[in-house]
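K.L.:
What follows is a structure written as structure tokens; I'll ask about it next.
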Amino acid sequence: MAANNLESSLCRQCKTPLVKRYLWAIGAISNNSLENKATFSSQINDSEIGLLIGDRYLALTQQIFLDTKPGLTPQIPEEIPQEISTYLQLFSYSPHIPQVYGQLDGYNIWLLDYGTVPHDSLGKLDYPQQLVPKILSFWPQAEAIRQLNWLRQLASLWKPLLERKVASTILNPDLVRVNGSLIQLIELEFDAKTPPKLQELGRLWSQFAKNASPLIKQLIETISLRIENGSIEKIEQVLGLLDYSLELCSQNYDYSYQVFACSDSGPTRPNNEDAAYPDNSTPVVIKNQDVSLAIVCDGVGGHEGGEIAAKETIHHLRTNIEDMSFSQEHNSPGTIFKQLAKFTNKANDAICKRNDNEKRQERQRMGTTLVMSLIRNHEAYLNSVGDSRIYLVTSAGCHQVTIDDDLASREVRLGYAVYRDALQYPSAGALIQALGMRHSSALHSNVKRFIIDDNCVFLLCTDGLSDFDRVEQYWRNTILPMLNGKMSIASTVKTLVKIANEKNGHDNVTVALVHCRIKPKTSKTISPILWSKVETAIEDSLVWSDVNPEILTLPNTEFIATEPNLAESTQENFIPHRTKQTLLLLATFLSVILLVALGFILYSLQSRIEDQGNDLNQPELEQIIPDNED
């Protein structure tokens, strides 16, 4: 396969739009790297800059590379180092944590992927030395709502990073990067023997407070000081303060949303088992306090079954969400998280019960995937089950913000395999969960929350579109023009469906777009958000009563590991080759130990019998072994 040029917009071989995979290199880390902070030691000479490494990776700097053959599987060693496994175990926190891409051919250098990094339409990097810009470069000029959003994302990462012994990462401002509204960590820094304290985060934020927006300067100074002196002891308290501050800050803006969805059976399927909401022929327009809801489902379970499951799921979710209360005492993030998980479980159990009543077994059982967005004011709640996806598209890039519930993703989250390598194994795309297959006690809803601080688009779609990287290939030519006001939302959705049918065409396809717009209120006098107002809210128990659950624990890998396979092939067939080799060696070793133990036992028994035989007198022998009568 010929390498693609830096300026190429189409692949030389397949003529599809190229996905520019710009990668960040981290070098080999010594055995004591978990105790000492390791730094990148380049193995690339200055003379190699601008050349292809391994006839594949274009070296742009000693630490930034472009994959000119992104369709090929990268080099992956047999054994994955512990520090790389840490990245894999944080896979669910993408796009904040970079995804392990593979190794640079011929070098002990690992490559990290960030999705879309800032670059122009020709592929030229906006930040050729940094790849993704440092937060300190953009912090002073950012609006108050974005500064609060960035701090909230950092606070959300504190606990999972602390559990993986890499919380030092967000204490190093050089490693904290910003890609539009998103916080992205350029790489992980491992903690010393003594884990960092929350007070250290307060000390760093006090530096941020010096250049904070005048609207929140006093607020951030006070929060930082109270974290630093121990008055605020838990990260959950910090998150509650930031959430309420964002609620106050959002009152300075007008929000509006357009929603449109379309579902199609595709060119090769006789019936459509997908379903979507809303199903209006014209876009739905939502303003300010009203709730924007979009749902996409991909039914599974044979003729009629998948279609029923998809439609019933939408019906159950719509009915319950329409009855939700968003009064002040019910609109905390924790409460909404719990409600969405509860509603998803109810929809699941309704389908599961129908399966049981109709005595559906194995592949006859109907089920469905689910992606859903619930948006109100500045908050977007996203929920996913299965392998349908949600993407966040901004003027800065396109990012997948849900993780597929399939075997490949599970192996990554357990730290067993690199994602691009795991995709090559048998049954990599087999679902590990879907709505309706079993009772909700075995269901794990993936609920996330995003803050809307700028115009953006949420794309919800089934794998009829997302397969083969079609979203990554075509978002610039389809969704970005809509975001810039050059194409209607209905035309954009229909164009995406057409792309799915023409470029993929192997499945039903369903697409929903939610176009979010935000603009400052012109008639409102904007006042600073002071600590006294936030402190009053705390005293009234409006903030800390429900902690945002997304920061409490890492994804439950124990639960994921015990989920049964919903696909035809068994889970055993998916075990990576390096894991199979390990299991084979272990089985051989145990067999040898067992044989040696068995031989020792037999030898001991034989010796005991011989000893007893020597001690017996002749009459006793005659009693045991009678003489031959002949």
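K.L.:
Residue pairs, Cβ under 6 Å, 6 or more apart or interchain, first in region 401-427 and open to solvent by less than 20 Å² (accessible area, probe 1.4 Å), second assigned to a loop (DSSP other than H, G, I, E, B) and polar (S, T, N, Q). List them.
P.N.:
Listed pairs, sorted by first residue: ASP405/GLN433; LEU407/SER427.
K.L.:
Which of the strands (runs of 3 or more DSSP E) contained wholly in region 236-336 include at least 2 residues that are surrounded by fewer than 22 Cβ atoms within 10 Å (Cβ to Cβ) and of a type in the set (A, V, I, L, M, F, W, C)?
P.N.:
284-287
K.L.:
Under 6 Å by Cβ, and 6 or more places apart or on different chains, what pairs join a residue from region 297-319 that is farther than 14 Å from CYS352 by Cβ with one that is among the polar types (S, T, N, Q) and crowded, with 19+ Cβ neighbours inside 10 Å?
P.N.:
Note: pairs meeting the criteria are CYS297/THR313; CYS297/THR368; ASP298/THR369; ASP298/SER388; ASP298/THR462; GLY299/THR368; ALA310/THR368.
K.L.:
Tell me, please, whether a residue that is charged (D, E, K, R), under 15 Å from the mean Cα position of the chain (by Cα) and either farther than 30 Å from ASP254 by Cβ or modelled with pLDDT of 95 or more (or both) can be found in region 423-445.
P.N.:
So far as region 423-445 goes, no, none of its residues is charged (D, E, K, R), under 15 Å from the mean Cα position of the chain (by Cα) and either farther than 30 Å from ASP254 by Cβ or modelled with pLDDT of 95 or more (or both).
K.L.:
Okay, moving on. Among the numbered conditions (1) of a type in the set (Gly, Ala, Ser); (2) assigned to a helix (DSSP H, G or I); (3) under 18 Å from ILE145 (Cα atoms), tell me where ALA212 comes up short.
P.N.:
Here ALA212 meets the rest and fails (2).
K.L.:
Can you confirm whether region 438-453 contains a residue that is surrounded by fewer than 22 Cβ atoms within 10 Å (Cβ to Cβ), in contact with a Ser or Thr (Cβ under 6 Å, 6 or more places away or on another chain), of a type outside the set (S, T, N, Q) and farther than 22 Å from ILE321 by Cα?
P.N.:
Among the residues of region 438-453, not one is surrounded by fewer than 22 Cβ atoms within 10 Å (Cβ to Cβ), in contact with a Ser or Thr (Cβ under 6 Å, 6 or more places away or on another chain), of a type outside the set (S, T, N, Q) and farther than 22 Å from ILE321 by Cα, which makes the answer no.
K.L.:
Applying the selection to region 74-93, what residues are assigned to a loop (DSSP other than H, G, I, E, B) and either under 15 Å from LYS20 (Cα atoms) or touching a strand residue (DSSP E or B) at 6+ places or on another chain (Cβ under 7 Å) (or both)?
P.N.:
PRO74, ILE76, PRO77
K.L.:
Yes or no: LYS197 among the charged types (D, E, K, R), farther than 30 Å from SER85 by Cα and out of contact with any His (no Cβ under 6 Å at 6 or more places or on another chain)?
P.N.:
Against the criterion (among the charged types (D, E, K, R), farther than 30 Å from SER85 by Cα and out of contact with any His (no Cβ under 6 Å at 6 or more places or on another chain)), LYS197 does not qualify.
K.L.:
Please tell me if GLY115 is modelled with pLDDT under 95 and buried (at least 17 other Cβ atoms within 10 Å of the Cβ).
P.N.:
Yes; evaluated as a whole, the condition is true for this residue.
K.L.:
Is there any pair linking a residue in region 473-488 that is closer than 11 Å to ILE499 by Cβ and without any contact (Cβ under 8 Å) to a residue 24 or more places away in the chain to one that is open to solvent by 30 Å² or more (accessible area, probe 1.4 Å) and among the polar types (S, T, N, Q), with Cβ under 6 Å and at least six apart or on different chains, and which?
P.N.:
If the second residue must be open to solvent by 30 Å² or more (accessible area, probe 1.4 Å) and among the polar types (S, T, N, Q), the pairs left are THR478/THR495.
K.L.:
With the requirement that a residue be open to solvent by less than 30 Å² (accessible area, probe 1.4 Å) and in contact with a Gly (Cβ under 9 Å, 6 or more places away or on another chain), what does region 99-112 give you?
P.N.:
Residues satisfying the conditions are LEU104, ILE109, TRP110, LEU111.
K.L.:
Can you name every residue in region 159-174 that is within 17 Å of SER85 (Cβ to Cβ), open to solvent by 70 Å² or more (accessible area, probe 1.4 Å) and over 18 Å from the mean Cα position of the chain (by Cα)?
P.N.:
The answer is LYS165, and nothing else.
K.L.:
Which condition number in (1) without any contact (Cβ under 8 Å) to a residue 60 or more places away in the chain; (2) open to solvent by less than 30 Å² (accessible area, probe 1.4 Å) is the one that ASP467 fails?
P.N.:
(2)
The values are calculated or read from the model by the stated rules, or taken from the named source; none is laboratory data. As the structure is a prediction and not an experimental result, all values here were calculated from the model. Neighbour counts run over all protein chains shown; Cβ positions are idealised from the backbone, glycine included. When the accessible area is computed, the model is the full protein with side chains, heavy atoms only, and any ligands, DNA or RNA have been set aside. Shrake-Rupley method; radii C 1.70, N 1.55, O 1.52, S 1.80 Å.
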